[in-house]
Amino acid sequence: MRPVLVLVPIAGPPQQPAPPARHMGLSYPSLPPGYQNTSASPMQAQTQPYSHAPQSYQQPSAGPAQLSPSLAGLSLQSQTPETLRVVNLLQERNLLPPGPVTPPTPCLPQDLQKINCHPEVFRSTLTSIPQTQSLLNKAKLPLGLLLHPFKDLSVRCCLLSPNPHTIVRCRSCRTYINPFVTFLDQRRWKCNLCYRVNDVPEEFMYNPVTRSYGEPHKRPEVQNATIEFIAPSEYMLRPPQPAVYLFVLDVSHNAVETGYLDVVCQSLLENINALPGDSRTKIGFISFDSTIHFYNLQEGLAQPQMLIVSDIEGERPERLVQDLLKSLPQMFGKTMETQSALGPALQAAFKLLSPTGGRVSVFQTQLPKLGVGALKSREDPNQRASAKDIPNLSPATDFYKKLALDCSGQQVAVDLFLLSSQYCDLASLACISRYSAGSVYYYPSYQQQHNPAGVECFQKDLKRYLTRKIGLEAVMRIRCTKGLSIHTFHGNFFVRSTDLLSLPNVNPDAGFAVQMSIEENLVDMQSVSFQAALLYTSSKGERRIRVHTMCLPVVNSLSDIFAGADVQAITGLLASMAVDRSVTSSLSDARDAMTNAAIDSLTSYRTSVLTIQQPGLLAPACLRLFPLYILALLKQKAFRTGTSTRLDDRVFAMCQLKYQPLAYVMLMIHPALYRVDDLTDEGALNISERAVPQPRVQQLSVEKLSREGAFLMDAGSVIYLWIGRNCNPDFLTQVLGVPDYAAVPQNMNILPELDTAESQRTRAFVGWLREQRPFFPILHVIRDESPLKASFMQNMIEDRTESALSYYEFLLHVQQQVSK
């Protein structure tokens, strides 16, 4: 009889070609930082306070497409003089703002800007769109969008219940009605993407919020740039998919040695009732080593039955689930089976979930060497610090990509948890998640006994993973105003048609990016709009549509394009493009292209925008951090050369750059450094009745460190607390709970809860930083003798290393190229 795995219900709450490569030499003399410390205060980008509440805004008689009275002649330079202030990068040293870098505010009339989409959800590299492709080419800045479409919103998204007649869309291009359309009168509206005039349905005349009739422009859809609909039956090809979760567990000797199985089973026991779903939700388990083990959890059994499939080339009774989770770690505790047949286990998971769709969570601890998808080690440890090109960044086999595409077709997503101290060929394995819209989690030195901080990180990440909301059988389409076109997508998905992304699962922590071009001149337009529509099934079985719309002005001068440049969005998009370039071409080619991006944009600014030529390396204030961010990318784990970097570490860094939303990516590119031995309540945020100090961001240079101080570095996925040798004794006793510097433990990862104001402030600050991201950054308390000091120092981006330029040397190199 062919073994079957029964899924049981669980109880619970219901690339564009780059410019020719310019090779960047590394043989610069070591130069003292010859900066003049000018007292110019760092610029803070002007931004509108964002309001989530619906605005009582009167739709203007002319929509944004014809806003000549309010937009034409609205010189961006007169609106935002600070963004175009000329900065000599070789003289101004203190360029970082004291707090987070804020995105620029698009230069739109106030009433439109108030309801524009929040930049955390939807933002453009350029907040002023060039009229023509030739003007864009001249600016030498990339045009693209960065999205975080399923983000957990700080207030509830406006949700409209199903009524097929009130999901109003353009009859031509299918754009959803939004705040930036034009009402010609009460009965007609003009689409802001294709300009077709549409009729207003009778049902749309009634406003369910105000309970009034005859004011369609005051309905929630026209007042909110982010809105969610419960979709009627015509948005369904089949009955909504149930939430089905399948856990695929490596139980080889290597896996058991790490101890990860105890953590996974315990976490599932604690959170099984919090898995998103309803009465139709199902859960199943497969374990594997050199064979594949299925578990029969059918109702009526006294205990779970293990069914073993040894021919690997072939093929909610809640108590039973709990019994299985309690017994699994012991079941394989004495195994001597060392092999891993990951490929056949994934094939089995695919066959099992194909009828329903769902989510596969696979936990892997070694290089799979058995059956289909078997891999061989491709890493040469002697090449880790190579200053030349790094080989083997692309997959060794197309097995995992092909299987992922099969999964995508059946609405199955695969999430990969890789827990290993050895090379696993993540470049090949990550394809199973990338093309099925899954996620990759990586714990490179996971060991339950020897790495308690890593265990805590895994536990926290796993809890978030198991309990966060999920969207099933999703598709996302991005539309833009006629004349603009999308040509490249970045993220984890399969592109089903030119503009439709297939997302078997969508989660609130996934980011996406797209590159754009201008195909037709936008000469007659004052503004353009972009709309992302995400159609998904909720874990409760509702078909929903989440719609985000953003409006941006069109400009016809280079100075206006530069004035609206979003330096962080540009950096994030370039990072994604550079990852593709590293894989399809070479790492050195990607590094050259990033360097040239800084050189070319500053050359364009110097030759075409500046009216008075001055000596030095000149940039507009809005791009003053661009060369620093490019240098940070060149020194980032994904792209660095000449520094020992494990191949899987490098590939995971590349996965992060492509998949993480911009806010988290920027900390991985350019960490934030704070002095924390002198925290005060001055300027503190008041969050949940606790004061959270807001220390100033410091430059990433050793010269900013003081032996008398303590400095906290937030690098996104890890936080370092560096203790100076002569650190204030009060800080040591009142925050770390140790009598002196020598008593600081070698492996300290937790700040003790001491009843002192200093302890409360420091813990409040670290806790606040951690709360701002969906993954758990480990805290490492380090001193001069710590092995991790080298990792901390590698993030000092402005300093020179044996293999990389200092920031000042890099600026001189850029200036030399700009002045040619």
Requested in this report: Within region 252-283, track down each residue that is within 22 Å of V412 (Cβ to Cβ) and surrounded by 22 or more Cβ atoms within 10 Å (Cβ to Cβ).
Outcome: V264, L268, G277, T281, I283
Query raised in the report: Just wondering, is there one or more residues in region 720-741 that are at pLDDT below 95, under 33 Å from the mean Cα position of the chain (by Cα) and either open to solvent by less than 10 Å² (accessible area, probe 1.4 Å) or over 18 Å from L769 (Cβ atoms) (or both)?
Result: no
Requested in this report: Of the conditions (1) surrounded by fewer than 19 Cβ atoms within 10 Å (Cβ to Cβ); (2) of a type in the set (D, E, K, R); (3) under 26 Å from A632 (Cβ atoms), D755 clears all except one; give me its number.
Outcome: (3)
Report task. Go through S394, S354 for me and flag whichever is within 30 Å of S539 (Cα to Cα) and open to solvent by 20 Å² or more (accessible area, probe 1.4 Å). Result -> S354
Query raised in the report: Mind checking whether some residue in region 213-233 is in the same structural domain as R188 (by the TED database), surrounded by fewer than 19 Cβ atoms within 10 Å (Cβ to Cβ) and at positive phi?
Result: yes
Report task. Check I561 against each of (1) within 30 Å of R280 (Cα to Cα); (2) assigned to a helix (DSSP H, G or I) and name the one condition it does not meet. Result -> (1)
Query raised in the report: For S806, are the conditions met, namely being among the small types (G, A, S) and within 29 Å of the chain's Cα centre (by Cα)?
Result: yes
Query - Residue count, region 484-505 (criterion: over 14 Å from Q411 (Cβ atoms), open to solvent by less than 10 Å² (accessible area, probe 1.4 Å) and among the small types (G, A, S)) - result: 1
Report task. With the checklist (1) at pLDDT 95 or above; (2) open to solvent by less than 10 Å² (accessible area, probe 1.4 Å); (3) not in a strand (DSSP E or B) in hand, flag the one item A413 doesn't pass. Result -> (3)
Query raised in the report: R238: open to solvent by 20 Å² or more (accessible area, probe 1.4 Å) and at pLDDT below 90, yes or no?
Result: yes
Query raised in the report: In region 120-142, which residues are among the small types (G, A, S) and either more than 15 Å from F530 (Cβ to Cβ) or in contact with a Lys or Arg (Cβ under 7 Å, 6 or more places away or on another chain) (or both)?
Result: S134, A139
Query raised in the report: Do you know which residues across region 464-523 are touching a helix residue (DSSP H, G or I) at 6+ places or on another chain (Cβ under 6 Å) and aliphatic (A, V, I, L, M)?
Result: L466, A513, I518
Report summary line: How many residues of region 217-233 are hydroxyl-bearing (S, T, Y) and part of a helix (DSSP H, G or I)? The answer is 1
Query raised in the report: For R773, are the conditions met, namely being farther than 30 Å from S386 by Cα and touching a Phe, Trp or Tyr at 6+ places or on another chain (Cβ under 6 Å)?
Result: yes
Requested in this report: Give the residues of region 506-524 that are within 23 Å of F652 (Cβ to Cβ) and open to solvent by 10 Å² or more (accessible area, probe 1.4 Å), sorted by residue number.
Outcome: N507, D509, F512
Report summary line: Screening D311, D278, D250 for residues that are of a type in the set (D, E) and modelled with pLDDT of 95 or more leaves only D250
Query raised in the report: What are the pairs, 6+ residues apart or on separate chains, where a residue within region 438-461 that is part of a strand (DSSP E or B) has its Cβ under 7 Å from a residue that is of a type in the set (S, T, Y) and open to solvent by less than 50 Å² (accessible area, probe 1.4 Å)?
Result: V440/S433
Query raised in the report: In region 252-280, what residues are out of contact with any Lys or Arg (no Cβ under 7 Å at 6 or more places or on another chain) and part of a loop (DSSP other than H, G, I, E, B)?
Result: S252, G259, L275, G277, S279, R280
**Report entry** Restricting region 363-385 to residues that are polar (S, T, N, Q) and either assigned to a loop (DSSP other than H, G, I, E, B) or surrounded by fewer than 22 Cβ atoms within 10 Å (Cβ to Cβ) (or both), the residue that is farthest from the chain's Cα centre (by Cα)
**Finding:** N382
Report summary line: S428 passes all but one of the listed conditions (1) touching a strand residue (DSSP E or B) at 6+ places or on another chain (Cβ under 9 Å); (2) among the hydroxyl-bearing types (S, T, Y); (3) surrounded by 20 or more Cβ atoms within 10 Å (Cβ to Cβ); the exception is number (1)
Query raised in the report: If we keep just the residues of region 187-212 that are at pLDDT below 90 and either part of a strand (DSSP E or B) or of a type in the set (S, T, N, Q) (or both), which is farthest from L534 (Cα to Cα)?
Result: S212
Query - Selected residue (criterion: surrounded by the most Cβ atoms within 10 Å (Cβ to Cβ)) from residues of region 171-199 that are aromatic (F, W, Y) and under 31 Å from the mean Cα position of the chain (by Cα) - result: F180
Query - Filtered residue count, region 751-774, keeping only those that are at pLDDT 95 or above and either in a loop (DSSP other than H, G, I, E, B) or under 20 Å from P671 (Cα atoms) (or both) - result: 15
Query raised in the report: Counting only residues that are assigned to a loop (DSSP other than H, G, I, E, B) and in contact with a His (Cβ under 8 Å, 6 or more places away or on another chain), which one in region 134-167 is modelled with the highest pLDDT?
Result: P149
**Report entry** Top-ranked residue of region 436-457 - restricted to ones that are open to solvent by 40 Å² or more (accessible area, probe 1.4 Å) and of a type outside the set (S, T, N, Q), ranked as modelled with the lowest pLDDT
**Finding:** H450
Report summary line: Quick count over region 94-133, residues being surrounded by fewer than 19 Cβ atoms within 10 Å (Cβ to Cβ), part of a loop (DSSP other than H, G, I, E, B) and either touching a Phe, Trp or Tyr at 6+ places or on another chain (Cβ under 6 Å) or basic (K, R) (or both), is 0
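The values are calculated or read from the model by the stated rules, or taken from the named source; none is laboratory data. As the structure is a computational prediction, the values presented were derived from the model and not from experiment. For neighbour counting, all protein chains shown are included, and Cβ atoms are generated from backbone atoms with ideal geometry for every residue, glycine included. Remember, those area values only see protein heavy atoms, side chains included, never the ligands or the DNA or RNA. Shrake-Rupley method; radii C 1.70, N 1.55, O 1.52, S 1.80 Å.
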